[in-house]
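Here the structure is laid out as structure tokens; the discussion comes afterwards.
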Amino acid sequence: MTRFILPTVATDGTICTCAACGHALGPAPWKRGAIRRDLPLAVAGGAAYDTGHAGVFLCQFICPGCAVLLDTETAMAGDAALDDRLHLPAAAN
Amino acid sequence: MDPMTFSIIRHRLFRIVDEAVITLKHVSGSAITNEGHDLMVSLYRADGTLLMGGVGFLHHLTSAAEACKAIIRRFQGQIGEADVYLLNDPYTAALHTSDIYLVAPIHHEGRLVAWSACFVHVTDIGAMNPGGFAPQAVDIYSEGFSSPGLKLLDRGEMRQDVLDTILNMVRSPEMVSLDLRSMIACCNVARDRMSALLTKYTAPVVDEACAALVEQSETLFRARLRALPDGQWQSRQYLDVQGETARVVLTMTKTDDRLVFDFTGSDPQSRHSINCTKWAALGGLFAPLFPLLCYDITWNEGVIRPVTMIAPEGSIVNCTRPAPVSVATVGAIQSVNNAACTTIGKMLAASPEYRDQATAVWHANHFAIFKFGANQRGGYSIGILTETFAGAGGARSFADGVDIGGEIPNPISRMANVETVEGAFPIRYLFRRRAPDSGGPGRYRGGTGGEMAIVQHRAPAGGIDYVISGKGARHPMSEGLAGGYPGAPNSYVWVHADAEAAPGSADRLETIPGTPEPVSWGVYPLRGQDALYVRWNGGGGYGDPIARDPAAVAADVTSGVVSARAAAEIYGVALAPDGGADSAATVALRGAIRTARLAVPEAAE
Ligand SMILES: [Zn+2]
């Protein structure tokens, strides 16, 4: 049975997949199977996001299969990615 | 019990809270209360547990319950009919010293049967900076008058010595007196209406209905939780002050019919007054929980029971005395609001059944700016820029966020008219409008925040001063959902006028003549022809921006809320000469954005 960790990421209890194209992202945490792209704020969002301070990033997690944006985080260098996952009975999802 | 009687009593309790809120607003003379709606009224059971949470700032509902319990403990055996108690110590229950709780027992036929509690942000509390938010405070002792509980009215009679002592410690005592009297009026209305209800239905019947109401809320909330997926969702917030960054980190775990909010990993308490106490953190996580998960469930103790909070002692979300906390409500508490909104939003979005009730984060970053100084009528004014309550809506799975759409933790927040502010202070607005590119991009765009600029205007002292507790100028805080971007961060700019500058006009930051200097924390002047410019954050977006309807992007550009640059670079929408979307060029742009995304090597953490 397909369940969702986020609207963009599904899981069958073992393997996480892109909800748009079905590309397998691997076992939890799903972000390990995504493309991670850390954009400096000023590059990510234009002038309104350009605070004049380096070191803050818009972190994008992208499906390697269809290039859809699966999730974003505001992050500083060195911060681990947030770990969202389902707790399903008897499965590592 | 008889369902008709239960239903009637339940609705009467709603109306009692509503009428008490109206009383509070109408008696108060303070813009932060009657314009910004920085207030709260709720009813509590005889043991101090939450019975009927009202509107206003929802992070007060649980902490005011703790205030009731603290008063019960302190005054056991001395609580008389028509007493009114005051409590504002953050290490006992309050959020910060300037949010004063008045807690009033409700008796029927000689027996204590319930409590009402309310708060307003009083005009001043005697902290080292006017207005209560004290960015320069180094400890709780520099944050003004603070009481873990005192009797303000004894059986309906004002204790004048106590009132005079309080008023002797604050700036603008006439306004603080009015603040306190607005809350006393509120308590009186709550008590009178409860008395009428108790007289009509008898105390045992009302008590049975109240107990049933709490049980009903618990049953309904647990059932809702069981309908949502089990899992964990995380969020992270950054608070930047004076170049120092503090993190609030949250893991929310939902198991069956229980929720655990674990703030382990959050940074140690700060030397700056952005910290919050554990009661404040608890209130902070409930502020989005009540409206997002319990919009159709009465907000009471039954909702609190399935929830557990873990907040490490000594951290920014459970600081230890005497750490300063005066900026908590727009500091750590608001970050707890935002973090909880994000994790709850993710959990709702994970459920196809509940996805349309998920939201990206709304207005995540208040800017507490208190103007103070001699006014144009020969008096002295202190007041907040109520634009901080104007907010911005987060995007949902089916719609854009509402522009200038308020905030989740306060369903009735709003801002004052420009004319109201100009009538109270010797200032003039250059402009106030929606801020371009502030709404978080997404398939559905976050609502825009706003931008504004003010100058002094015929001020008798040549100008006024302001206290600013402005974080969020480095980090976006209104997080997006499902690939949506966060809303743009805040910006605070002091524009130093050129020496010979004449009074002028401007319609955006770039057209204000002078030299811009970012400011964020402390006390600053607004004199001569200098201007203060503020931009506040938009709401978070929902979904991939390159999936947004190109026609919607073109319409946003036409209305000025999205720039042509953002349309091309973020949304991948090319504009035709007539202002509409160029379909072929848009397909090409979006293809190029996908290619660029895939060009990044797959990176394991
Ligand atoms: Zn995909």
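The values are calculated or read from the model by the stated rules, or taken from the named source; none is laboratory data. Bear in mind the structure is a predicted one, so any value in this text is a computation, not a measurement. Cβ placement follows ideal geometry from the backbone for every residue including glycine, while neighbour counts extend to all protein chains displayed. These accessible areas exclude ligands, DNA and RNA; they are computed on the full protein's heavy atoms, side chains included. Shrake-Rupley method; radii C 1.70, N 1.55, O 1.52, S 1.80 Å.
A crude spin-label estimate for the pair residue B:420 and residue B:47, with each label 7 Å from Cα along the Cβ direction, gives 4.1 nm. Take chain A with all the other protein chains still there, run a 1.4 Å probe, and you get 37 Å² of accessible area per residue.
For the range B:154-224, the Kirkwood hydrodynamic radius comes to 15.5 Å, computed from all pairs of different C-alpha atoms. Around the Cα centre of the protein assembly as shown, unit charges on the Cβ atoms of Lys, Arg, Asp and Glu (plus for the first two, minus for the last two) sum to a dipole of about 540 debye.
For chain B, the Kirkwood estimate of hydrodynamic radius, built from reciprocal distances between every pair of different alpha carbons, is 24.9 Å. Per-residue ellipticity at 222 nm computed for chain B from its helices equals -9500 deg cm²/dmol, with DSSP H segments shorter than 4 residues left out and the rest contributing -39,500 (n - 2.57).
Applying 1/(1 + (r/R0)^6) with R0 = 60 Å to the Cβ-Cβ distance of residue B:296 and residue B:499, what FRET efficiency is obtained, to the nearest 0.05? Taking R0 as 60 Å, the efficiency between residue B:296 and residue B:499 is 0.50. Exposed loop sites are taken as trypsin sites (Lys or Arg not before Pro) in a DSSP loop (any state but H, G, I, E or B) with at most 12 other beta carbon atoms within 10 Å; the longest stretch of chain B without one runs B:156-376.
Taken about its Cα centre, the range B:3-219 carries a charge dipole of about 460 debye when Lys and Arg each add +1 at the Cβ and Asp and Glu each add -1 at the Cβ.
Rg and Dmax, both from the Cα atoms of the range B:3-219 and both in Å, are 16.8, 55.
Surface exposure of the range B:547-604, expressed per residue as accessible area with a 1.4 Å probe, stands at 49 Å². Pairing chain B with chain A buries about 4200 Å² of accessible area. This figure sums both sides and uses a 1.4 Å probe. Computed log10 I(q)/I(0) for the range B:1-119 at 0.20 Å⁻¹: -1.12, from the Debye equation with unit scatterers placed on every C-alpha and solvent omitted.
Taking the three principal axes of the alpha carbon atoms in the protein assembly as shown, the coordinate ranges are 76, 74, 44 Å, sorted in descending order. Hand me the chymotrypsin sites (Phe, Trp or Tyr not before Pro) from the range B:268-346 located in a DSSP loop with no more than 12 other Cβ atoms within 10 Å, in residue order please. Listed in order of number, the matching sites are B:295.
Across the range B:425-500, the convex hull enclosing all Cα atoms gives 118 Å³ per residue. With contacts taken as Cα pairs under 8 Å at a separation of at least 6 residues, the range B:359-543 carries a relative contact order of 30 percent. Remark on residue B:563: its backbone amide H falls under 5 Å from those of B:437, a criterion applied only to residues 5 or more positions apart or on other chains, H modelled at 1.01 Å from N.
Kirkwood hydrodynamic radius computed over the range B:547-604 comes to 11.8 Å, based on all pairs of distinct alpha carbons.
Note on chain B: with charges restricted to the Cβ of Lys and Arg (+1) and Asp and Glu (-1), its dipole about the Cα centre is near 360 debye. For chain B, the relative contact order comes to 12 percent (Cα pairs under 8 Å, sequence separation of at least 6).
Surface exposure of the range B:3-219, expressed per residue as accessible area with a 1.4 Å probe, stands at 34 Å². Close amide H pairs (under 5 Å, H built 1.01 Å from N) link residue B:131 with B:125, B:126, residues at least 5 positions away or on another chain.
What a 1.4 Å probe finds exposed on chain A is 57% carbon and sulfur by accessible area, rounded to a whole percent. Phi angles across the range B:109-126 convert, under the Karplus curve 6.51 cos²θ - 1.76 cosθ + 1.60 with θ = phi - 60°, into 3J(HN,Hα) values of 6, x, 10, 5, 10, 6, 9, 10, 9, 8, 8, 9, 7, 5, 4, 7, 10, x Hz, Gly and Pro given as x. Have a look at the range B:458-498 and report residues whose accessible surface goes down by 40 Å² or more when the remaining protein chains are included, against the chain on its own, probe 1.4 Å, ligands and DNA/RNA excluded. Buried by the other chains: B:474, B:476, B:479, B:482, B:483, B:485, B:486.
Across the options B:598, B:547, B:584, the greatest Cα extent toward the positive end of the charge dipole of the range B:547-604 (unit charges at beta carbon of Lys, Arg, Asp, Glu) belongs to B:598. Here the Karplus curve 6.51 cos²θ - 1.76 cosθ + 1.60, taken at θ = phi - 60°, turns the phi angles of the range B:363-369 into couplings of 2, 9, 9, 5, 10, 7, 10 Hz, with x standing for Gly and Pro. Rolling a 1.4 Å probe over the protein heavy atoms of the range B:359-543, with every protein chain left in place, gives an accessible area that is 50 percent carbon and sulfur. Net charge of the neighbourhood of residue A:68, taken over other residues with C-beta under 12 Å away and scored Lys/Arg +1, Asp/Glu -1, is +2. Put simply, the C-alpha atoms of the range B:359-543 give a gyration tensor, and the ellipsoid matching it has half-axes of 31, 16, 13 Å, longest first. For the range A:3-76, the calculated P(r), taken from all Cα-Cα distances in 5 Å bins from zero up to the bin holding the longest distance, is 4, 18, 25, 18, 13, 11, 8, 3, 1 percent. In this structure, residue B:5 and residue A:54 have a Cβ-Cβ separation that, at R0 = 51 Å, corresponds to a calculated FRET efficiency of about 0.20. What lysines sit close enough to residue B:471 to cross-link, taking a C-alpha to C-alpha distance under 19 Å and skipping anything fewer than 8 places away on the same chain? Filter leaves B:371. Look at the alpha carbon pairs under 8 Å that are at least 6 residues apart: their mean separation over the length of the range B:3-219 gives a relative contact order of 24 percent. Farthest toward the positive end of the dipole of the protein assembly as shown, out of B:477, B:177, A:46, is the Cα of B:477, where the dipole comes from beta carbon charges about the Cα centre.
Amide H to amide H, with H built 1.01 Å from N, residue A:19 comes under 5 Å of A:9, A:10, counting only residues 5 or more places away or on other chains. With the charge dipole of the range B:3-219 set up from +1 on Lys and Arg Cβ and -1 on Asp and Glu Cβ about the Cα centre, the Cα lying farthest toward the positive end among the listed residues B:150, B:16, B:117 is that of B:16.
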